[in-house]
Amino acid sequence: MTSGLLCLSTNLKSSEWAAWVQAIGSIVAVGAAWKAISHQIALARKARLNGILAIAEAAFTHAHRIDEIFSSGDTLSRSGTLYSEYDETIPNGIVRALNGVPIHEVGSRDAVIALLSLEDQVGFMRDAIKRYEKPEADPQTAKSLLHCTLDQFEQSLKDARPTLANNVRRHAAKIESDYEILKQSLKD
């Protein structure tokens, strides 16, 4: 009865109304499909960004632990802890994972810069740890050791340790800073 009243008031036949209802229904269905697809795309993007952030968090956690080790003033204790807790495969794996991140996925300029810096800093920190563990491998330290007596050699190594430890801590601090920038950028 209602459709009959609508047909009378608009001079449309019942079959014309059916066509209009079908057209409007089709538009609503397309809109609902669009919204569902957009939602799935947004969920997939969020999952990818969470994956990127998880890799960055691994770098952050590793750097934080290394910084804790190097903040200890006791060189012997630091070396023992470093020996028992650090392995070069950890930063190598983090660098590989960061290298595999599609940089265009992170979006903002700040996030891209932080991600690229994070990758560099993890490698730099790894190399600084190597130089700390074996100071004579550091070109600057090696040059100063070239013409030393045995006593001078030992003193030079001892003198180099705080600077080499500070280099490690500087890279760890930059990793922590880059992580925070990336985390904030991906949250926005």
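The values are calculated or read from the model by the stated rules, or taken from the named source; none is laboratory data. Only a predicted model underlies this, so the values are computations on that prediction, with no experimental measurement involved. Cβ placement follows ideal geometry from the backbone for every residue including glycine, while neighbour counts extend to all protein chains displayed.
Of the conditions (1) closer than 22 Å to residue 46 by Cβ; (2) of a type in the set (Lys, Arg); (3) in contact (Cβ under 8 Å) with a residue 24 or more places away in the chain, residue 109 satisfies every one except a single condition; which number is it?
(3)
Are there any pairs, at least 6 apart or on different chains, whose C-beta atoms fall under 7 Å, with the first in region 172-188 and in contact (Cβ under 8 Å) with a residue 60 or more places away in the chain and the second charged (D, E, K, R) and surrounded by 18 or more Cβ atoms within 10 Å (Cβ to Cβ), and if so, which?
172/67; 173/67
For residue 1, which of the numbered conditions (1) modelled with pLDDT under 90; (2) surrounded by 11 or more Cβ atoms within 10 Å (Cβ to Cβ) fails to hold?
In the conditions (1) modelled with pLDDT under 90; (2) surrounded by 11 or more Cβ atoms within 10 Å (Cβ to Cβ), residue 1 misses (2) alone.
Read through the list (1) surrounded by 13 or more Cβ atoms within 10 Å (Cβ to Cβ); (2) more than 13 Å from the chain's Cα centre (by Cα), then give the number of the only condition that residue 110 fails.
Residue 110 satisfies every listed condition except (2).
Pick out the one residue from 115, 98 that is within 12 Å of the chain's Cα centre (by Cα), buried (at least 19 other Cβ atoms within 10 Å of the Cβ), in contact (Cβ under 8 Å) with a residue 60 or more places away in the chain and part of a helix (DSSP H, G or I).
On the way: 98 fails: in contact (Cβ under 8 Å) with a residue 60 or more places away in the chain.
Answer to the check: 115.
Among the residues of region 141-155, is any surrounded by 13 or more Cβ atoms within 10 Å (Cβ to Cβ) and touching a residue at least 60 places away in the same chain (Cβ under 8 Å)?
no
Which of the residues spanning region 47-94 are β-branched (Val, Ile, Thr) and touching a residue at least 40 places away in the same chain (Cβ under 8 Å)? First the steps, then the outcome.
Our first condition is that a residue be β-branched (Val, Ile, Thr); within region 47-94, this holds for 52, 55, 61, 66, 69, 75, 81, 89-90, 94.
Scanning region 47-94 gives 52, 55, 66, 75.
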